[in-house]
Amino acid sequence: MIEDILLGVHRPAQYLGNEYNASKKDLKSSKLSFALGFPDLYEVGMSNLGLRIIYGVLNKIPDLACERFFAVEPDMQAALKESNRRLFSWESHEELIGFDFLGFSLGSELNYTNVLNILDLAGLPLESKLRNQDFPLVIAGGPCTLNPEPMHEFFDLFIIGEAEEAIIELVNAYRKYKDDYKNGKMFKEELLIEFSKLDGVYAPSLYATEYNQNQELVSFSPKVKSLPLRIKKRIVADLNTAYFPIDWIVPNVQVVHDRISIEIMRGCPNRCCFCQARSQYYPLRIRSQEQVKFLANATCAASGYEELSLSGLSVSDYPQFGKLVEDLIKVFKEQTINLTLPSLKAKALLGNVSTLIAKIKKTGLTFAPEAGSERLRNIIGKDFSVEEFYSVIQVAYQAGYQHLKLYFLIGLPTEGDNDLDAIIDFAVKASDLRKKVLDSAAAINISVNPLIPKPHTPFQWLKMQPIAAIKDKQNYFKSHCKNKKLKFNFHNFEMGFLEGVLSRGDRRLSQVILTAYKKGARMDAWSNYFSFSKWQEAFAENGVDAESYLCEKSQKSLLAWDFIDTGVDKETLLSEYNKSVAI
């Protein structure tokens with residue numbers, strides 16, 4: 001029982017489990033056990049749709065029990081250590097060390113030290129080579145696996161791409177060999193070789209890398225001839241038949257996105273040069289309107305939620321998007337269930353904008369122009385019509401909306417002060433348009449983030465702006481914008497720098513991550529915990545130049561993530577990169 005250590009910790013309900021719709025399978029009577037986790041706090045992890053999907057997929061396997069785990073706050077970590085207890089699962093509160101698998105969903109590079117902390121609290125050796133058959137197999141999936149190399153020393157294997165089908169194949173393979181593996185008749189390497197026969201499965205210990213005297217990667221190859229040189233990303237071909245968690249778990253505490261999220265599409269028809277999600281979720285797949293409406297009704301009925309959102313990379317491009325929204329509003333208005341929409345293209349609201357916007361809960365509208373000037377939007381491949389945008393928000397103001405949120409990137413190629421001025425001018429005009437409806441201007445929240453040129457994007461060869469340059473641009477906004485209706489929110493430039501390094505890193509960063517963790521780096525995605533100095537010390541002690549990962553890369557160089565086949569080939573990305581920088 002853990003209740004005796006919860007009285008003195010912050011928000012103890014986040015550790016209780018037993019939520020409405022959580023799995024009630026008996027762990028001890030199940031032949032296989034899988035602990036599925038998110039390396040951030042419960043409030044973040046329970047907002048992740050991917051975690052919910054895999055949790056449901058695994059618990060549909062008759063002889064397997066899947067339970068969850070999350071990162072814990074510092075006070076809970078201290079309480080566990082003081083009571084000499086190991087980290088446990090949320091459902092049965094059994095120690096994680098006793099499960100067959102520990103599976104992590106890696107959504108952010110800034111959660112990497114949390115992974116090590118969870119392994120540590122669970123009583124597991126941090127490095128894969130130190131874990132034998134007496135320990136769980138430690139695996140990972142999620143967006144960060146598009147470049148898993150910085151974490152290669154800590155995981156036994158990665159599932160590259162969409163895991164709904166691959167995870168079932170992996171579990172079936174493990175079931176076949178479990179007895180021999182646990183009894184020591186089968187070595188871990190042999191088991192990993194069997195797993196690697198599955199499409200999308202990558203076991204880093206079975207591959208070797210070589211670097212030249214300049215610490216540039218020159219070779220990546222399998223140690224076993226039968227293994228593939230490239231790992232092909234897994235995809236679910238038909239979204240209509242894909243599993244969806246209708247039995248939506250209702251969290252015990254408020255979470256970041258405390259609502260149902262219905263995935264209406266996977267993939268994106270657009271070609272923004274900065275967007276890694278395009279490659280992550282390629283190709284484009286559409287869930288039918290009939291299936292979307294069925295899932296929305298069933299999930300609301302099964303959970304009691306009163307708020308529903310539609311999710312996808314570019315929901316504005318969903319076929320007949322307006323009709324879908326109208327149909328959902330018609331159904332849920334009688335049930336007093338609110339529909340919220342993510343960032344939209346203005347064209348999605350043209351024509352029937354007055355009927356749609358007026359009926360949706362007025363929590364504000366969100367748009368992502370990404371750049372203030374049309375010139376920069378052309379360079380980054382952003383499809384955004386300013387004329388359509390201004391037409392739509394004027395109608396939105398007439399419908400009663402009080403404020404907008406706008407997303408912009410800084411540190412874009414060829415960016416100058418005039419482009420920063422264009423962001424301010426863009427927001428001022430958007431704010432002043434409300435004066436045509438009422439006497440006062442609208443409040444505009446402006447989120448400004450540094451461009452991080454990520455793997456598997458056309459910008460993967462691009463130099464990332466250094467910390468000093470990003471800081472100067474942030475200061476430029478502060479000194480040049482005095483409009484009180486505009487509120488700028490800036491991403492921490494040091495956190496952005498670290499995210500850039502870790503996302504473009506290679507195997508040499510594993511020891512840097514380990515060193516930073518040993519120095520106390522934790523919860524790096526949270527500004528109140530983040531310590532850049534610990535990371536600077538870790539890079540220095542390992543003789544690794546962090547900035548070298550953010551330099552412009554040769555178009556002929558071997559990239560650390562080139563062995564992953566996302567379906568968008570390198571030649572296509574290179575062509576798009578060269579076109580963008582030539583504009």
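Structure summary
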read-out: Verdict on residue 313 being in contact with a Cys (Cβ under 8 Å, 6 or more places away or on another chain), within 23 Å of residue 245 (Cβ to Cβ) and assigned to a loop (DSSP other than H, G, I, E, B); value: yes
read-out: Subset of the stretch 291-305 that is in a helix (DSSP H, G or I) and hydroxyl-bearing (Ser, Thr, Tyr) - its residue that is nearest to residue 251 (Cα to Cα); value: 303
read-out: Filtered residues of the stretch 20-51 (kept if surrounded by fewer than 21 Cβ atoms within 10 Å (Cβ to Cβ), of a type outside the set (A, V, I, L, M) and within 18 Å of residue 261 (Cα to Cα)); value: 20, 21, 43, 47, 48, 50
read-out: All positions within the stretch 282-314 that are of a type in the set (Val, Ile, Thr) and out of contact with any Lys or Arg (no Cβ under 9 Å at 6 or more places or on another chain); value: 292, 299
read-out: Qualifying residues in the stretch 546-583 (those that are in a loop (DSSP other than H, G, I, E, B) and without any contact (Cβ under 8 Å) to a residue 60 or more places away in the chain) - the one nearest to the chain's Cα centre (by Cα); value: 569
read-out: Any pair with Cβ under 6 angstrom, 6 or more apart, that starts in the stretch 372-394 at a residue that is among the aromatic types (Phe, Trp, Tyr) and ends at one that is assigned to a loop (DSSP other than H, G, I, E, B) and surrounded by fewer than 16 Cβ atoms within 10 Å (Cβ to Cβ); value: none
read-out: Residues within the stretch 488-516 that are in a helix (DSSP H, G or I), within 15 Å of residue 545 (Cβ to Cβ), within 16 Å of the chain's Cα centre (by Cα) and not hydrophobic (A, V, I, L, M, F, W, C), tallied; value: 1
read-out: Test: residue in the stretch 344-364 that is surrounded by fewer than 18 Cβ atoms within 10 Å (Cβ to Cβ), of a type outside the set (Asp, Glu), at pLDDT 65 or above and in a strand (DSSP E or B); value: no
read-out: Only listed residue being surrounded by fewer than 16 Cβ atoms within 10 Å (Cβ to Cβ) and in contact with a strand residue (DSSP E or B) (Cβ under 8 Å, 6 or more places away or on another chain), chosen from 578, 483, 528, 489; value: 489
read-out: Options 207, 177, 202; residue that is closer than 21 Å to residue 53 by Cβ, of a type in the set (Ser, Thr, Tyr) and touching a residue at least 12 places away in the same chain (Cβ under 8 Å); value: 202
read-out: Wholly enclosed helices (runs of 4 or more DSSP H) of the stretch 26-102 bearing at least 2 residues in contact with an Asp or Glu (Cβ under 7 Å, 6 or more places away or on another chain); value: 49-59
read-out: Hits in the stretch 212-227 - residues which are surrounded by fewer than 16 Cβ atoms within 10 Å (Cβ to Cβ) and in contact (Cβ under 8 Å) with a residue 24 or more places away in the chain; value: 215, 216, 218, 219, 224, 226
read-out: Subset of the stretch 155-164 (residues that are part of a loop (DSSP other than H, G, I, E, B) and in contact with a strand residue (DSSP E or B) (Cβ under 7 Å, 6 or more places away or on another chain)); value: 155, 156, 160, 162, 163
read-out: Residue 218 vs. criteria hydrophobic (A, V, I, L, M, F, W, C) and in a loop (DSSP other than H, G, I, E, B); value: no
read-out: Qualifying residues in the stretch 132-154 (those that are assigned to a strand (DSSP E or B) and either among the aliphatic types (A, V, I, L, M) or without any contact (Cβ under 8 Å) to a residue 60 or more places away in the chain (or both)) - the one nearest to residue 499 (Cα to Cα); value: 140
read-out: Residue check for residue 541: among the charged types (D, E, K, R), free of Cβ contacts under 8 Å to residues at least 60 places away in the same chain and under 29 Å from residue 573 (Cα atoms); value: no
read-out: Subset of the stretch 56-72 [in contact (Cβ under 8 Å) with a residue 60 or more places away in the chain and either crowded, with 20+ Cβ neighbours inside 10 Å or among the β-branched types (Val, Ile, Thr) (or both)]; value: 56, 57, 58, 61, 64, 71
read-out: Lone unmet requirement of (1) in a helix (DSSP H, G or I); (2) hydroxyl-bearing (Ser, Thr, Tyr); (3) surrounded by fewer than 23 Cβ atoms within 10 Å (Cβ to Cβ); (4) out of contact with any Asp or Glu (no Cβ under 7 Å at 6 or more places or on another chain) for residue 209; value: (1)
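The values are calculated or read from the model by the stated rules, or taken from the named source; none is laboratory data. If you're wondering where the values come from, they're calculated on a predicted model, not measured in any experiment. Glycine gets a Cβ as well: all are built from the backbone with ideal geometry, and neighbour counts include every protein chain shown.
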